[in-house]
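Below: the structure, in structure tokens.
Any read-out appearing in this document is the output of simple, stated calculations on the displayed coordinates, not a laboratory observation. Since the structure is predicted, the reported quantities are computational estimates derived from the model, not experimental observations. With ideal geometry, Cβ positions are generated from the backbone for all residues, glycine too; neighbour counts draw on all protein chains shown.
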Amino acid sequence: MRSYTSVELLFIVYGVLFVTCDAFSKNEVWALTTFKEAIYEDPHLVLSNWNSLDADPCDWSGISCSEARDHDNHVLPFGILFGRNLSGSSLKGFLAPELGQITYLQELILHGNSLIGIIPKELGMLKHLEVLDLGMNQITGPIPPEIGNLTNAVKINLQSNGLTGSLPPEFGNLKYLQDLRLDRNRLQGTVPAGSSPDFTENIRGMYASSANLTGLCRSSQLKVADFSYNFFVGSIPKCLGYLPSTSFQGNCLRNRDPKQRSTMLCGSTPPARTQSGGNPKHRPADDVSKHQAASKPSWLLALEIVTGTMVGSLFLIALLTAFRCNSKPSLIIPWKKSASEKEHMTVFIEPEILKNVVRYGRQDLEVACEDFSNIIGSSPDSFVYKGNMKGGPEIAVISLCIKEEHWTGYLELYFQREVADLARLNHENTGKLLGYCRESAPFTRMLVFEYASNGTLYEHLHYGEGCQFSWTRRMKIILGIAHGLKYLHTELEPAFTISELNSSSVYLTDDFSPKLVDFESWKSILSRSEKNSGSIGSQGAICILPNSLEARHLDVQGNVYSFGVLLLEIISGRPPYCKEKGDLVDWAKEYLEMPEVMSYVVDPEIKHFRYEDLEVICEVVSLCIQPEPSKRPSMQELSATLESKIDTSISIELKSSSLAWAELALSS
């Protein structure tokens, strides 16, 4: 007996020592790496030590490995706990379905982050998972029925998300479940309790199994459950009557609890009336079943129900097919293409997100842009084409430079959110997004903006006739840019910033009114793709990604600094940097605070200017380019200063010189 115990202990010690050496297969390391790639914002750098070349992730932040046992006290090779210290880390991104490949995962805790997208059905493959906590995120879509395959689950927390659809009856398969939190979502339907015992007895073995005909009444160990603040209808299951009433408040249930939602929120007809009443056709399902069971043989009852279920299923499939053809709320796209290109998944896309944005066909844009030959701009990330829509406005079309095999599911969702974000901009000094193009053959992702016919501010400052760009005109452009940035930073909720604010992102209309356009937003989308490679292919060319692979974030103070540099560029006529003259800010600093030499900053092409305006501009520039970002003023303050102290009336310009009449005629 002693020798047996010694051998057993030896094996246990051996297993513990080698848990960290052989805990993860290559596929599981790849699954964790894929999860990291799906996180596009990690402000606290909690995933910074995740290295795909490391074969032992047990030391990665948020990952721990240890000896483990299942509910039957069987020893597992090891147990993996994922995310215990990742809660509340402000992670933004998606749940990669590859997480389902981590065989011995026992805890998946990502509570209190900003995860979006859906719950991948692949999580149902985690047979040893005991804790699933995705509460307080921004996850949408239905709860996949595959969650019912987590037969070892003890706690499931999905509270405070945007989950929709009905509650899968497969939850009844979770015989060890003790804690279930589904509150504060948009779940509908009834709370699945269980099916009729007679029905189950008669039909079992024919068409159904106990796996898909059970409800929460099967979860005999359920101690804590919260279904509050959803849109559940019907009645509270008797088997869950031991739960406090607060677990069901804020729904559309039939009980007379004043804490249920109002009739207006639940629909025009109270939930109670839709389930019962004087008309026998509208009796509760339980009553109908009992009545039929009393008057018909059980075999006939089973046959009728099976037939009805099959007919109903066919009708539902036809209805869903028609709905998808018309509204296309979901999109079949590759999450991460394999070599065979056969692995696909359904990415749930909220149908509301782009409902007000026009979707253009590639063929229409190809015709408008003369077979995409009219290129007016390019970068390693994108091409910009000019076009004319038939019977419509002139357009600028920005086409993303990326191959389809590098386009992932979470990247598609991020693209759509970016389109929706740009579409909400509505100001006279911001570029107007007319729509977008999204096609798969050939692979296309484009943005369509209203074209500003006078080109960019950069072209006028550095390639145009400087004498035609009068001081007053430059002051009007400065005020317009300030108004546009003030709108983006302070009048939008949430605020919006220009990715790369410079003279190339300012377009001019016929009357030289400035329009701020964020053409460089592509870089924030591209930075999600192939993070480790640093480059992506595009029709034989190489598109080098920017050095920074951070997510697109709200850089208000960065915009303020860029605004100061832009003011210097406008009044001096010099680019922000050139080899011959160096950095514009470094050159201008010695003149900004010295009144006697301040005029040296002004473009030599400008013959007449107001010294008072120059003083204001130099004062604003000095405030904007302060090294400490917290000391830079807001655009609201800067815009108010410029607007109150700069006079752009024609009379002021005419007073400055007798030759101003001639200059005005040239510049008009």
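Among the listed pairs Lys127/Lys355; Lys390/Lys515; Lys121/Lys259, those whose Cα-Cα separation exceeds 29 Å are Lys127/Lys355; Lys121/Lys259. Here the calculated FRET efficiency for Val597 and Ala441, from their Cβ-Cβ distance with R0 = 56 Å, stands at 0.35, rounded to the nearest 0.05.
Going by average Cβ neighbours within 10 Å, how do the peptides 580-588, 134-142 rank, with the highest at the top?
Details: 580-588: 13.6, 134-142: 20.4.
Taking the mean over residues of other Cβ atoms within 10 Å, the ranking is 134-142, 580-588.
Applied to segment 355-365, the Karplus parametrisation 6.51 cos²θ - 1.76 cosθ + 1.60 on θ = phi - 60° returns per-residue 3J(HN,Hα) values of 5, 9, 10, 5, 9, 9, x, 4, 5, 5, 5 Hz, with x for Gly and Pro. Summarising the amide proton neighbourhood of Ser166: residues at separation of 5 or more, or on other chains, whose placed amide H is nearer than 5 Å comprise Gln188. Take the Cα of Ser644, step 7 Å toward its Cβ, do the same at Arg84, and the gap between the two points is 5.7 nm. Amide hydrogen proximity for Lys403: with H placed 1.01 Å from N in the peptide plane, the residues at 5 or more positions away or on another chain lying under 5 Å are Gly537. Annotation: amide H-H contacts under 5 Å for Glu67 (H modelled 1.01 Å from N, sequence separation of 5 or more, or interchain): Gly79. 3J(HN,Hα) couplings calculated from phi for segment 590-599 with the Karplus curve 6.51 cos²θ - 1.76 cosθ + 1.60 (θ = phi - 60°) are, in sequence order, 6, 9, 4, 10, 10, x, 5, 10, 4, 5 Hz; Gly and Pro show x.
By average Cβ neighbour count within 10 Å, what is the ranking of 435-444, 225-234 from highest down?
Details: 435-444: 15.4, 225-234: 21.9.
Ranking the peptides 435-444, 225-234 by packing returns 225-234, 435-444.
Among 472-485, 505-518, how do they line up from the highest to the lowest mean number of other beta-carbon atoms within 10 Å?
Working: 472-485: 22.6, 505-518: 20.6.
For the peptides 472-485, 505-518, the packing ranking is 472-485, 505-518.
With each label modelled as a point 7 angstrom along the Cα→C-beta vector, the Ser634-Gln188 pair spans 4.1 nm.
Which of the residue pairs Lys607/Lys645; Lys92/Lys223; Lys386/Lys476; Lys403/Lys432 have a Cα-Cα distance greater than 24 Å in the structure shown?
Values: Lys607/Lys645 21 Å; Lys92/Lys223 32 Å; Lys386/Lys476 26 Å; Lys403/Lys432 27 Å.
Over 24 Å apart, Cα to Cα: Lys92/Lys223; Lys386/Lys476; Lys403/Lys432.
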